[in-house]
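Chemist: Please see the structure below; I have some questions.
The values are calculated or read from the model by the stated rules, or taken from the named source; none is laboratory data. What you see is a predicted model, and the numbers here were worked out from it, not measured in a lab. Cβ placement follows ideal geometry from the backbone for every residue including glycine, while neighbour counts extend to all protein chains displayed.
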Amino acid sequence: MIKACNLQKGHIVDIGGQPCRVLHIDVQTPSARGANTLYKVSLAQIPGGQKVNQTFKGNDSLEEMEMDRRPVSFLYRDRETLTFMDGENYEQYTLSEESLGDLSQWLVEGMEGIGALLLDGNVLTIELPAAVDLEIVETAPAIKGATATNRNKPATLSNGITVMVPEYLDTGTVIRVNTDTGRYMSRAKS
């Protein structure tokens, strides 16, 4: 059991018999005397990624689910299934694209640094690294002298996602994108 005041991003808790991963916690401290601090928690159901919002008082107890975390790498996508390989025992796991929800959009063949969450030997979901490096495949031409401005333009990445990038970036540039927010962070280190 874990108290709501001790919840952290990434914890897996049982909500109505369904495992859910904590995505975001918003703490609200009322100014009235005797009022309890409220924790508004955004969760994602496992598997599927359906968003759930719950509000807890600081002393509410939640059942934390014990899951095994294994390092895996993404091998390939085959129609609607995704295949991963365990980095320690080389066992392969397949998951449906639907069960991962929005997480699957950031997967690139050969990608490493992924964590698999297993319950009773079955992979329920994955944890992506905080950022991924992707190539810009389509964007408007770079504008000379645009480094001094803070304007952005849309750019389509190698995985098909469109993000806003600074005007001075051009097609072929590899950038780092935050997997939580889907926002441009920086140029990738070469």
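Chemist: Output the residues belonging to the range 1-25 that are assigned to a strand (DSSP E or B) and basic (Lys, Arg).
Modeler: Step one: of the range 1-25, the residues assigned to a strand (DSSP E or B) are 2-3, 12-15, 18-25.
Scanning the range 1-25 gives Lys3, Arg21.
Chemist: If you take the residues of the range 157-169 that are in contact with a strand residue (DSSP E or B) (Cβ under 7 Å, 6 or more places away or on another chain) and exposed (fewer than 15 other Cβ atoms within 10 Å of the Cβ), which of them is farthest from Trp106 (Cα to Cα)?
Modeler: So, considering only residues that are in contact with a strand residue (DSSP E or B) (Cβ under 7 Å, 6 or more places away or on another chain) and exposed (fewer than 15 other Cβ atoms within 10 Å of the Cβ), the one farthest from Trp106 (Cα to Cα) is Met164.
Chemist: Could you tell me which residue of the range 56-73 is surrounded by the fewest Cβ atoms within 10 Å (Cβ to Cβ), considering only residues that are part of a strand (DSSP E or B) and over 17 Å from the mean Cα position of the chain (by Cα)?
Modeler: Result: Ser61.
Listed here are the residues, each with its yes/no results for (1) over 22 Å from the mean Cα position of the chain (by Cα); (2) assigned to a strand (DSSP E or B); (3) on the phi < 0 side of the Ramachandran plot.
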site: Val27; (1), (2), (3): no, yes, yes
site: Ser31; (1), (2), (3): yes, no, yes
site: Lys40; (1), (2), (3): no, yes, yes
site: Gln54; (1), (2), (3): no, yes, yes
site: Leu75; (1), (2), (3): no, yes, yes
site: Tyr90; (1), (2), (3): yes, no, no
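Chemist: Now for a different question. Give the range 60-87 a look and list any residue that's closer than 13 Å to Leu124 by Cβ and in contact with a Ser or Thr (Cβ under 8 Å, 6 or more places away or on another chain), or say none.
Modeler: Phe84
Chemist: Is it the case that Ser42 is outside the structural domain of Glu112 (by TED's automatic domain parsing) and free of Cβ contacts under 8 Å to residues at least 12 places away in the same chain?
Modeler: The answer is no for Ser42.
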